[in-house]
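The values are calculated or read from the model by the stated rules, or taken from the named source; none is laboratory data. Quantities reported herein were computed from a predicted structural model and do not represent experimental measurements. Cβ atoms come from the backbone with ideal geometry, glycine included; neighbour counts cover every protein chain shown. The protein model used for the area step is the full one, side chains on, heavy atoms only, and it has no ligands, DNA or RNA in it. Shrake-Rupley method; radii C 1.70, N 1.55, O 1.52, S 1.80 Å.
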Amino acid sequence: MRFHSLPESKRYAEDESEYTVVLERYNTILDELFAGADVYVITPLWTTEAEVPSFQPDAGYWQSLLVEDDPDPEFRTYCHLSAARRPWRRGCIDESLRGIADDKVAGILITDAQMQRIHHPYDGGADVFLATSEERDRMRNRHPDWLSSHPSGL
């Protein structure tokens with residue numbers, strides 16, 4: 001299911017009052033998904049090198065994936081993933097969420113320790129993957145004004 005960050009599906013915040021709305025929406029959904037639980041914040045780093053780059057100390061290296069296996073090494077693409085486990089607290093990743101809202105950061109996933117619920121924020125909103133359709137429907141019904149008006153829901 002997809003939630004939009006701003007009213008009327010506006011993509012980017014233009015002032016602090018709009019950033020407040022963006023962060024409020026992200027954090028409200030994240031609270032509903034993960035309150036009282038630990039989460040993994042999974043961050044990708046894309047390179048053309050197989051070598052694992054250094055990550056920040058609190059974001060441990062998880063795994064690397066060969067995404068594009070081109071015969072020419074200059075065109076191979078790797079995605080190196082870090083996974084930081086932390087207790088979920090409202091606002092604990094606001095800096096990253098604001099970077100995502102500005103399209104300066106991309107590809108971050110927030111998930112519970114069992115990986116049954118996934119929150120994928122992007123510039124303009126967030127895609128949320130839930131364990132059951134009933135859980136999805138309850139969340140959708142709590143935030144109908146945050147949903148896309150497009151027939152596909154996107």
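Summary table below
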quantity	calculated
Residue match in region 137-152 (condition: hydroxyl-bearing (Ser, Thr, Tyr) and not in a loop (DSSP other than H, G, I, E, B))	no
Pick from region 93-118, criterion part of a loop (DSSP other than H, G, I, E, B) and basic (Lys, Arg), ranking: most open to solvent (accessible area, probe 1.4 Å)	LYS104
Region 68-95 residues that are on the phi > 0 side of the Ramachandran plot, paired with ones that are modelled with pLDDT of 90 or more (beta carbon under 8 Å, 6 or more apart)	GLY91/LEU23; GLY91/ASN27
Candidate set: region 11-50, residues that are touching a residue at least 60 places away in the same chain (Cβ under 8 Å) and assigned to a loop (DSSP other than H, G, I, E, B); chosen: the one least open to solvent (accessible area, probe 1.4 Å)	ALA13
Test result for ALA83, open to solvent by less than 30 Å² (accessible area, probe 1.4 Å) and in contact with a helix residue (DSSP H, G or I) (Cβ under 6 Å, 6 or more places away or on another chain)	no
Of the criteria (1) touching a Phe, Trp or Tyr at 6+ places or on another chain (Cβ under 7 Å); (2) within 26 Å of SER149 (Cβ to Cβ); (3) not in a loop (DSSP other than H, G, I, E, B); (4) not β-branched (Val, Ile, Thr), which one CYS79 fails	(2)
Residues within region 134-149 that are without any contact (Cβ under 8 Å) to a residue 60 or more places away in the chain and either of a type in the set (Lys, Arg) or surrounded by 10 or more Cβ atoms within 10 Å (Cβ to Cβ) (or both), tallied	3
Lone unmet requirement of (1) open to solvent by less than 30 Å² (accessible area, probe 1.4 Å); (2) in contact with a helix residue (DSSP H, G or I) (Cβ under 9 Å, 6 or more places away or on another chain) for TYR122	(1)
Meets criteria (in contact with a Lys or Arg (Cβ under 6 Å, 6 or more places away or on another chain) and surrounded by 14 or more Cβ atoms within 10 Å (Cβ to Cβ)) for LEU130	yes
